[in-house]
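First the structure, in the form of structure tokens, and then the observations on it.
The values are calculated or read from the model by the stated rules, or taken from the named source; none is laboratory data. Small disclaimer: the values here were computed from a predicted structure and weren't measured. Ideal geometry is used to build each Cβ from the backbone, glycine not excepted, and the neighbour counts take in all protein chains shown.
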């Protein structure tokens with residue numbers, strides 16, 4: 001990875017850190033390329049059983065680097081393919097990751113930064129965190145999946161309000177709306193998020209991936225289609241060593257040790 005995105009693997013957890021603290025972890029082309037590579041690396045590595053996405057400094061990510069964007073507009077490049085080449089593949093890789101993804105949000109998550117956080121499975125927020133859709137403030141529509149994820153979390157009416165008015169939400173408001181799973185003191189964020197990621201990494205990875213796949217399918221399927229997809233996924237999980245070993249452990253009144261296979 002470049003220095004704008006850091007990657008570390010320990011205890012089955014791949015930690016991906018946006019590392020442009022002086023620029024509130026805003027996303028340049030270089031950073032977006034590195035972030036996509038890091039997410040895909042974690043996705044494809046069997047040694048990775050959970051992912052932790054975070055940002056250094058006082059922001060999770062302020063979204064698109066507007067200085068670079070302004071230069072692209074001046075040069076007549078427009079968005080310069082950033083949605084197709086950078087944001088969209090990264091969001092899909094996070095959302096379809098066959099292992100759990102935790103976002104640790106320590107500060108501002110705005111625009112595409114907000115979108116990236118919502119593409120994760122869990123969001124642990126510092127009490128100092130804030131969230132903003134931001135797009136309409138610079139005359140843009142939502143991107144990076146925000147029109148899809150936001151309304152599924154808060155409903156159509158609230159999503160419309162948040163997207164049109166683009167007013168920031170404090171951490172407590174985000175928790176009340178169901179946008180984050182928990183809010184913790186700022187000094188505890190890293191440890192709390194890490195603890196959750198390590199706990200998930202020790203779990204039944206194949207089953208976790210199946211849960212994500214089932215929810216993704218059911219979001220746009222009818223009941224019959226959801227039942228059929230569940231049956232497929234359950235057959236796959238039933239064939240794993242984790243299921244066999246956990247069943248034996250249950251009968252022996254022992255705690256199962258999952259291997260992620």
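Here are a few things to note about the model shown:
For (1) within 21 Å of residue 106 (Cα to Cα); (2) out of contact with any strand residue (DSSP E or B) (no Cβ under 6 Å at 6 or more places or on another chain); (3) surrounded by fewer than 22 Cβ atoms within 10 Å (Cβ to Cβ), each residue gets a yes or a no:
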site: 8; (1), (2), (3): yes, no, yes
site: 41; (1), (2), (3): no, yes, yes
site: 46; (1), (2), (3): no, yes, yes
site: 51; (1), (2), (3): yes, no, no
site: 67; (1), (2), (3): no, yes, yes
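- Restricting attention to segment 55-65, the residues being surrounded by fewer than 24 Cβ atoms within 10 Å (Cβ to Cβ) and not in a loop (DSSP other than H, G, I, E, B) number 0.
- Some residue of segment 66-80 being assigned by TED's automatic domain parsing to the domain that holds residue 149, under 30 Å from residue 204 (Cβ atoms) and not in a loop (DSSP other than H, G, I, E, B): no
- Residue 92 being within 19 Å of residue 146 (Cα to Cα) and part of a loop (DSSP other than H, G, I, E, B): no
- Selection of segment 101-140 for residues being assigned to a loop (DSSP other than H, G, I, E, B) and either modelled with pLDDT under 95 or within 22 Å of residue 23 (Cβ to Cβ) (or both) yields 106, 107, 111, 119, 120, 128, 129, 133, 134, 139, 140.
- Yes/no for residue 236 being more than 23 Å from the chain's Cα centre (by Cα), within 25 Å of residue 153 (Cα to Cα), surrounded by 14 or more Cβ atoms within 10 Å (Cβ to Cβ) and not assigned by TED's automatic domain parsing to the domain that holds residue 100: no
- Residue in segment 192-202 that is surrounded by 15 or more Cβ atoms within 10 Å (Cβ to Cβ) and free of Cβ contacts under 8 Å to residues at least 60 places away in the same chain present: no
- Just one of the numbered conditions (1) more than 21 Å from residue 258 (Cα to Cα); (2) without any contact (Cβ under 8 Å) to a residue 12 or more places away in the chain; (3) not assigned by TED's automatic domain parsing to the domain that holds residue 43 is not true of residue 187: (3).
- Condition check for residue 152: surrounded by 15 or more Cβ atoms within 10 Å (Cβ to Cβ), in a helix (DSSP H, G or I) and touching a residue at least 12 places away in the same chain (Cβ under 8 Å): no
- Taken over segment 62-84, the criterion of being at positive phi and modelled with pLDDT of 90 or more is satisfied by 63 alone.
- Count of residues meeting criterion [part of a helix (DSSP H, G or I) and crowded, with 23+ Cβ neighbours inside 10 Å] in segment 10-33: 1
- Taken over segment 63-86, the criterion of being without any contact (Cβ under 8 Å) to a residue 60 or more places away in the chain and under 30 Å from residue 215 (Cα atoms) is satisfied by 64, 81, 82, 84, 85, 86.
- Residues that are in contact with a helix residue (DSSP H, G or I) (Cβ under 9 Å, 6 or more places away or on another chain) and crowded, with 17+ Cβ neighbours inside 10 Å within segment 178-190 comprise 179, 180, 183, 184, listed in sequence order.
- Hey, residue 91 more than 25 Å from residue 139 (Cβ to Cβ), crowded, with 24+ Cβ neighbours inside 10 Å and assigned by TED's automatic domain parsing to the domain that holds residue 154 or not: no
- Criterion: in contact (Cβ under 8 Å) with a residue 60 or more places away in the chain, touching a helix residue (DSSP H, G or I) at 6+ places or on another chain (Cβ under 8 Å), surrounded by 24 or more Cβ atoms within 10 Å (Cβ to Cβ) and within 16 Å of residue 163 (Cβ to Cβ) - qualifying residue of 112, 129, 104: 112
- None of 226, 213, 159 is on the phi < 0 side of the Ramachandran plot, surrounded by 13 or more Cβ atoms within 10 Å (Cβ to Cβ), assigned to a helix (DSSP H, G or I) and in contact (Cβ under 8 Å) with a residue 40 or more places away in the chain except 213.
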